[in-house]
Structures are given as C-alpha cells and as structure tokens.
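A short worksheet on the structure shown next.
The values are calculated or read from the model by the stated rules, or taken from the named source; none is laboratory data. Everything quoted here is computed from the prediction, not taken from an experiment. Please note: Cβ atoms are built from the backbone with ideal geometry, for glycine as well, and neighbour counts cover all protein chains shown. Accessible surface is based on the protein model in full, side chains and every heavy atom, while ligands, DNA and RNA are left aside. Shrake-Rupley method; radii C 1.70, N 1.55, O 1.52, S 1.80 Å.
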Amino acid sequence: MNQMSQGALLDKYSIKTLIALGSNANRDLGHSLELVKAATLQLEGERLRITATSQFYQTPCFPAGAGPDFVNAAISVETSMSAKALMALFHEVEAQFGRERPSRWAPRTLDIDLIAYGQDVVPDRHEVQRWIDLPLEVQKTVAPDELLLPHPRLQDRAFVLIPLMDIAPGWTHPLIGQTVKEMLDALPDSEKTGVRPL
C-alpha cells in the first residue's frame with residue numbers, strides 16, 4: 001500500500017468514538033443478549049469500524065422497578081461520520097430492532113447511546129456542564145432536546161462505566177478531567193455491585 005493509500009485509509013476512520021448499547025426487551029436475558037450482539041454486528045460498516053467490544057453485563061433497570069434487567073455493553077469505534085450522522089444511524093438501527101418510545105423509561109428492545117465523540121464537547125462546555133450539574137431528581141423529569149457530548153450522565157452510571165473499563169479505561173473526560181477508571185472508582189460500591197458479567 002503506498003503512502004497516499006495509507007493516509008486515505010486513516011482519514012476514513014478518523015474519530016475515535018465510545019458507544020453504549022443496552023436491551024431489556026423482556027425478562028429473557030438471553031433474548032436481550034442476542035439483540036445487543038446482533039446490533040453490534042450491524043453497526044460495523046463502511047464508515048464505522050469497531051476497534052474494541054466490552055464484555056456483556058446484566059444490570060438493574062434504572063430507575064428501579066421501571067422494567068426488566070438490562071444487558072449492557074460498550075464498543076469503541078473509529079469513524080468519519082459526524083456525531084449527528086451517528087445518532088441518525090443509531091436511531092435507524094434501533095427502529096430496525098423494534099425500538100419504540102412510548103415513555104422515557106419504557107423497556108427497550110435496543111438502546112444505543114453516543115457516549116463520547118473524540119474529545120469534542122457539544123454544543124459547548126457551559127451547556128454540557130449545566131446538564132452534568134442537574135440534581136438527580138431533576139434528571140428524572142427532564143431530558144435534553146439536543147445532542148450533548150460527552151453524555152452528561154456518563155460519570156454517574158456504573159452500567160456505562162464498567163463496560164467502558166473493558167475497552168477505554170484511560171479515556172479522559174474533557175470537562176471532569178478524570179479517566180473512566182477514576183470516574184468508576186468515585187462511584188459508591190452500592191452503585192456497582194448490581195452490574196454483573198454475563
């Protein structure tokens with residue numbers, strides 16, 4: 001491969017991105033596991049290359065009592081797609097897997113979240129920090145109507161951080177300044193014990 005071809009290949013997959021996947025389609029964890037595995041395979045494509053995949057985890061539904069346990073995982077990808085184009089792709093794949101949105105906490109056949117897009121902060125540092133600082137009770141009643149990156153709840157969620165530990169323990173949050181490992185270490189043990197490898 002000549003130098004120009006190598007450069008074009010690198011440019012094609014230029015942004016390193018972290019993605020979380022989950023399913024609590026029903027009480028059959030095996031069914032949810034197969035959905036997450038199938039979605040991971042479907043995401044691999046011409047403009048998105050998976051570079052690492054976490055273990056699969058069983059995690060309690062949030063908020064408690066809202067539905068069956070989840071199967072969660074995380075992947076890291078390299079892509080040339082914009083963050084907005086990725087979100088459109090995720091919604092398309094979710095729909096193909098039967099995702100409906102009757103209410104915010106309804107069981108989900110498939111949930112794909114863009115956790116981080118390189119070190120980008122979207123739309124800006126002030127807005128993302130405002131959502132990070134929202135009290136838990138307010139978080140449960142409001143949701144952003146625009147893309148926020150990194151995901152504003154990332155540092156609070158063991159079911160995201162534990163899978164991320166498998167693939168990107170050293171990734172550093174551009175606003176908080178902590179690695180995935182440091183954010184996970186800061187969570188109380190009570191938040192982490194329910195997240196179990198399958």
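What is the residue count in the range 147-181 for residues that are open to solvent by 50 Å² or more (accessible area, probe 1.4 Å), over 23 Å from residue 124 (Cβ atoms) and part of a loop (DSSP other than H, G, I, E, B)?
Summing the residues that are open to solvent by 50 Å² or more (accessible area, probe 1.4 Å), over 23 Å from residue 124 (Cβ atoms) and part of a loop (DSSP other than H, G, I, E, B) in the range 147-181 gives 2.
Quick one: which residue in 119, 155, 129, 139 is without any contact (Cβ under 8 Å) to a residue 60 or more places away in the chain and under 14 Å from residue 83 (Cβ atoms)?
Criteria check complete, one pass: 119.
In the range 18-86, which strands (runs of 3 or more DSSP E) lie fully inside it and hold 1 or more residues that are aliphatic (A, V, I, L, M)?
The qualifying strands (runs of 3 or more DSSP E) are 48-53, 70-79.
May I ask you to verify whether residue 95 is of a type in the set (Gly, Ala, Ser) and open to solvent by less than 30 Å² (accessible area, probe 1.4 Å)?
Here the answer is no, as residue 95 does not meet what is asked.
Could you run through the range 125-140 and say how many residues are open to solvent by less than 70 Å² (accessible area, probe 1.4 Å) and either in contact with a Leu (Cβ under 9 Å, 6 or more places away or on another chain) or farther than 14 Å from residue 151 by Cβ (or both)?
Qualifying residue count, the range 125-140: 6.
Listed residues 179, 172; which is β-branched (Val, Ile, Thr), farther than 18 Å from residue 55 by Cα and in contact with a Gly (Cβ under 9 Å, 6 or more places away or on another chain)?
179
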